[in-house]
Amino acid sequence: MTIEIKTSTLEPVRNTFANIERRFGDKPASRYQEATYDLQAETNFHYRPLWQPEFELNDKNRTKIVMEDWYALKDPRQFYYGAYVQQRAKMQEAAESSYGFFEKRNLADYLSDDVKNLLITYLIPLRHIENTANLNNMYGCAFGYGTAITQALLYNAMDRLGIAQYLSRIGLMLDGNTGQSLIESKQHWMENPAWQGMRALCEEMTTVEDWFEVVLAQNLVMDTLIFNLFYEQLDGKLAAMGGRDIAMLTEFMQAWNKDVSKWFDSVLKTVVSESDENKALLHAWTEKWQAKTLEALRPVTHELLEPAALDQAVAELEKRIKKAGITA
Amino acid sequence: MSVRAITPDYKVQARDRVENFHGNQIVYVAWDHHLMFCAPFAYALPPSMTFAELRDQVMPEAFGLHEEFTKINWETATWLLDNQPFTPDLNQSLKAQGVGHKSVLRFQTPELTGFQGKAV
Amino acid sequence: MSKVYIALQDNDESRYIIEAIEEDNPDATVIHHPAMIRIENENSLIVKRETVEEKMGRDWNVQELHLNLITLGGNVDEDDDQLSLSWNV
Amino acid sequence: MSAKKLNLKDKYRLLTRDLDWEYSYADRKKAFPYEEFEGIKITDWSKWEDPFRLTMDAYWKYQAEKEKKLYAIFDAFAQNNGHLNVTDARYVNAIKIFLTGVSPLEYQAYQGYAHVGRQFGGAGARVACQMQSIDELRHVQTQIHAMSHYNKYFDGFQDWTHMHDRVWYLSVPKSFFDDARSAGPFEFLIAISFSFEYVLTNLLFVPFMSGAAHNGDMATCTFGFSAQSDEARHMTLGLEIIKFLLEQHEDNVPIVQKWIDKWFWRGTRLLSIVAMMMDYMLPNKVMSWKEAWEVYFEEAGGALFKDLARYGIRMPKFVETTEKEKEHISHQAWWIFYNYGHAAGFHTWIPSDEELDWLSEKYPDTFDKYYRPRWELARKMEAEGKRFYSQALPQLCTTCQIPMGFTEMDDPTQIAYRSSDYEGEKYHFCSDGCKHIFDEEPEKYVQSWLPVHQIYQGNCGGASVEEVLRDYYKLNLGADNLDIKGSPDEQRWKEWKGVA
């Protein structure tokens, strides 16, 4: 039996899910929209958490930031899982070919001991900072409100783990896969006086209670300073020391930083424009964490870079703060 | 046993306290061995309602769908209140005869064996 | 005796993997379900990289197994050369 | 430089666990505050065996490959009107339950694993949980995208997330996951990674996805199997966490056993919905619930518990009851929905002659004796023009929240009643298992958001059931609910297929 289907009867009954229609009208929706908006449970929670009975399972009061609609914090990159992993897979492929090239040509052998020492002392320890960034973004993901921001925080957290692993691989390439350079670099992190301020700050950050505060401290303040100092500025210094090839290995981090800054700047802008109270909070937090981070970074940048390096990084941070509209 | 929480005084008020029902109380009613009705019914009733009102005005709407309902001889039907044998007093209020908040009332009609005699 | 098992999506790649598993585990039983192939064996089952590579005629990473894997039962031990499933009985 | 090369295990350790360090400046307990209150003793996190060793670069690579394949099929499915290829319009109701009842659980799993993926002090366990968190997000999102096309052509999908927070039968899965997420981090892992993922989800995914394949549903089958490929990693995490806790300290054994008892029972109750999907909702049947239970729990679970016996772990409490229940629960569950089909967001129906005979064959000891008569009554009434719907709200079990429709397993004509008194209030349960769970932690379950009671408390809008369904649940009455017969779904299906 052949069945003739009239096209007229195959008209859709509706274009998208009702929650998406309520937000954007009755028209076809994007995959990002359908996979993001209103996914998180809003009401009628059954039991108070045994670990935090003062809150509901999903609770807007875990930060002092107030948003009428937390889904306003949409991701300009429109990352849902599929879009995210496919984008990262592309970056990974490029990184893999650089790492492969570096390894195959034994480029590590051409690095001077000075360069190697510098990397082990100042670059590889960043993997511990990335570990903290992973924790802080996970914290925001777990305690944040609404899929728009929490999914982006999760992607960010996983990225940080990825970056920590790339940094570790740089170490493994330096030591011929013995792990010795990672042991040494961890010793620096644990004992070298230059790093202790940063280590103390990382430890402190993981005890902050307000999720938006810690996400801001990490993704705006610390990241802007770290990425400027340890990738952009250090890159120049390495080139001058005959370590230009290292740039192949940190390109992922640089490209990544650009990608997430775009997202986080847009989040901040939206939060600021929501209310003066939000703006004041962001301002206070930014000041507080900027002071702490600069203090912590001073010894290590002092040893590693030119005296003006820190000012240059601060200028970069101030640019972002201004762009987001975070003022007193 | 008791719950193990981060604080020793993990205590949340019971959600279904009688005062939350705006003057009503919950009473569950079931007809044993008549599984046409998949589960006992839950009613929100004023505690002052008489047993006769429950039986003759509230119950027929749902239970009346069963063809045996009109054949019930209420003189011989037996009752359990919260699992104990119980003889209802038609003219007394639910509350006065111990039908409390979240009480279960079940009745049995052994001569009526359900659809096809299969307890349906 | 307890059975361990592994189930793969029924597709071309899986067929080579199954062939390899059958070769390395001669006592294993292969069961076909709609869209799924299940292999079970008493106590242990092993997937060897080398054998899969032989069947596929290309390099194969043990972690590629995850692309076609549906489910498994048993204690897992995975390294560069193989994935094994076992019960400690 | 030494030439010693690292093996995969050591390399993975360096790339994950070694990122962490002992705190000297801040109080580590303040950074990881939830590790102790459950009474679990961890003496050495470094004993954690990573259940699988995917670094992020490999994760991105393999997952992107999976996603690429999956979305290619979704696109093809939508372009070719794949919904026309399913066996029957009835089938689609099974996936309505999936989107409204299961997908939000994937979301809760994403949240739950994010929480423990931040809170565990051991980096190995933390990273494993983080990966599961992002996988679970993948699952909810691919499910939405798979169902997106169905939503355009069938009723009942459109307000799935709103429904999940409110609709009576969806409080069964919701309370299950709320219970797990509100528990401490170790209980969460035993509940979800071990009891649910390892012991029970095969029963949810494998037969059901095989069923989707068998019923022409390419979209569901594809996301299902693709999701299941992550599940294999998650199951391995489930087995690892239990071995880890049992090996860390002998005091953990009774705590873990208590959680296994609780979550096994809570899981079996949740799966009664899957049981009815398999036995009643798939037009082309794959295997009966009873068979699935025997293969995926009795056989596979039996092997597992034998393996765990060396730690002093025994089979879950009430497992004997499930041996009897496998003969009954699918029938009792579908009957509940048939009774309350006017209040459900999907369609219900009476099994066809062929299906009744299949059920008799699969359940020779129970179907004709106890359940066929129910369907014959339903048929008789339908033939008389009286398709019946229950006219009063049902009593619910305080723990599992399913209407009290389960019987004594030794007397299947008698509804099972259990109750407890706690602080002057009565609480009712469908089974010894549910009563036991309440009695262990009454402070938790007195909070249950029981839909029937909430309606009576006036917390669900309107005074009438119709208003609750229409305004609070946002069901499109007359379209989403009632029998498949005469539904717009059925009508459209007939038009597409060119049958009158």
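The values are calculated or read from the model by the stated rules, or taken from the named source; none is laboratory data. This structure is a prediction, so every number in the text was calculated from the model and none was measured. Don't worry about glycine lacking a Cβ; one is built from the backbone with ideal geometry, like all the others, and counts go over all protein chains shown.
Any residue that is of a type outside the set (A, V, I, L, M), within 22 Å of the chain's Cα centre (by Cα), buried (at least 24 other Cβ atoms within 10 Å of the Cβ) and facing another protein chain (nearest Cβ under 7 Å) - is there at least one of those in segment D:123-133?
yes
If A:ARG23 meets every condition in (1) assigned to a loop (DSSP other than H, G, I, E, B); (2) charged (D, E, K, R); (3) within 26 Å of D:TRP160 (Cβ to Cβ) apart from one, which number is that one?
(1)
Does D:VAL92 fit the bill of being crowded, with 24+ Cβ neighbours inside 10 Å and among the aliphatic types (A, V, I, L, M)?
yes
Of everything in segment A:160-195 that's of a type in the set (D, E, K, R) and facing another protein chain (nearest Cβ under 8 Å), which residue is farthest from A:GLU251 (Cα to Cα)?
A:LYS186
Can you go through D:GLU408, D:GLU443 and tell me which one is more than 9 Å from chain B (Cβ to nearest Cβ) and free of Cβ contacts under 8 Å to residues at least 60 places away in the same chain?
From the options D:GLU408, D:GLU443, the qualifying one is D:GLU408.
Of everything in segment D:21-65, what is in contact with a His (Cβ under 8 Å, 6 or more places away or on another chain), farther than 27 Å from A:GLN87 by Cβ and not aliphatic (A, V, I, L, M)? Give them in sequence order.
Residues satisfying the conditions are D:TRP21, D:LYS41, D:THR43.
Is one or more of the residues making up segment A:248-259 among the hydroxyl-bearing types (Ser, Thr, Tyr), modelled with pLDDT of 95 or more and surrounded by fewer than 19 Cβ atoms within 10 Å (Cβ to Cβ)?
no
If you take just the helices (runs of 4 or more DSSP H) that sit entirely in segment A:41-154, which of them hold at least 2 residues that are away from chain D (no Cβ under 13 Å)?
A:81-104, A:113-118
Of all residues in segment C:1-32 being within 10 Å of another protein chain (Cβ to nearest Cβ) and either of a type in the set (Gly, Ala, Ser) or out of contact with any strand residue (DSSP E or B) (no Cβ under 8 Å at 6 or more places or on another chain) (or both), which is surrounded by the most Cβ atoms within 10 Å (Cβ to Cβ)?
C:ALA7
Hey, D:SER2 hits all of (1) more than 30 Å from A:GLN196 (Cβ to Cβ); (2) among the small types (Gly, Ala, Ser); (3) modelled with pLDDT under 95; (4) in a loop (DSSP other than H, G, I, E, B) but one; which does it fall short on?
The number of the failed condition is (1).
List the helices (runs of 4 or more DSSP H) inside segment D:193-275, counting only whole elements, that have at least 2 residues being at pLDDT below 95.
Of the helices (runs of 4 or more DSSP H) lying wholly inside segment D:193-275, those with at least 2 residues that are at pLDDT below 95 span D:201-214, D:218-248.
Run down D:LYS30, D:LYS61 and say which single residue is within 24 Å of B:ILE6 (Cβ to Cβ), charged (D, E, K, R), without any contact (Cβ under 8 Å) to a residue 24 or more places away in the chain and at the interface with chain A (Cβ under 7 Å from one of its Cβ atoms).
Matching residue, one of D:LYS30, D:LYS61: D:LYS30.
Please go through segment D:363-405 and give me each residue that is facing another protein chain (nearest Cβ under 9 Å) and acidic (Asp, Glu), ordered by number.
The answer is D:GLU376, and nothing else.
Mind checking which helices (runs of 4 or more DSSP H) fall wholly inside segment D:407-480 and carry at least 2 residues that are under 30 Å from D:PHE154 (Cα atoms)?
In segment D:407-480, the matching helices (runs of 4 or more DSSP H) lie at D:451-456.
Using the structure shown, decide if D:ARG181 is closer than 30 Å to D:THR16 by Cα and facing another protein chain (nearest Cβ under 9 Å).
yes
May I ask you to list the residues in segment D:419-469 that are farther than 24 Å from D:TRP265 by Cβ and aliphatic (A, V, I, L, M)?
D:ILE455, D:ALA463, D:VAL465, D:VAL468, D:LEU469
Is there any pair with a first residue in segment A:146-165 that is in contact (Cβ under 8 Å) with a residue 60 or more places away in the chain and a second that is among the charged types (D, E, K, R) whose Cβ atoms are under 7 Å apart and which are 6 or more apart or on different chains, and what are they?
A:ALA148/A:LYS74; A:ALA148/A:ASP75; A:ALA152/A:ASP75; A:GLY162/D:ASP57; A:ILE163/A:GLU130
So if I check each of D:SER448, D:SER464, which one is within 26 Å of B:ARG17 (Cβ to Cβ) and more than 8 Å from chain B (Cβ to nearest Cβ)?
D:SER464
Counting only residues that are part of a loop (DSSP other than H, G, I, E, B) and within 11 Å of chain A (Cβ to nearest Cβ), how many does segment D:81-120 have?
Within segment D:81-120, residues that are part of a loop (DSSP other than H, G, I, E, B) and within 11 Å of chain A (Cβ to nearest Cβ) number 2.
Restricting attention to segment D:202-249, and to residues there that are surrounded by fewer than 24 Cβ atoms within 10 Å (Cβ to Cβ) and free of Cβ contacts under 8 Å to residues at least 24 places away in the same chain, which single residue is farthest from D:PHE157 (Cα to Cα)?
Among those residues, the one meeting the criterion is D:ALA232.
Within segment A:18-26, is there a residue that is at pLDDT below 95 and over 19 Å from D:ARG166 (Cβ atoms)?
Yes; the residues of segment A:18-26 include at least one that is at pLDDT below 95 and over 19 Å from D:ARG166 (Cβ atoms).
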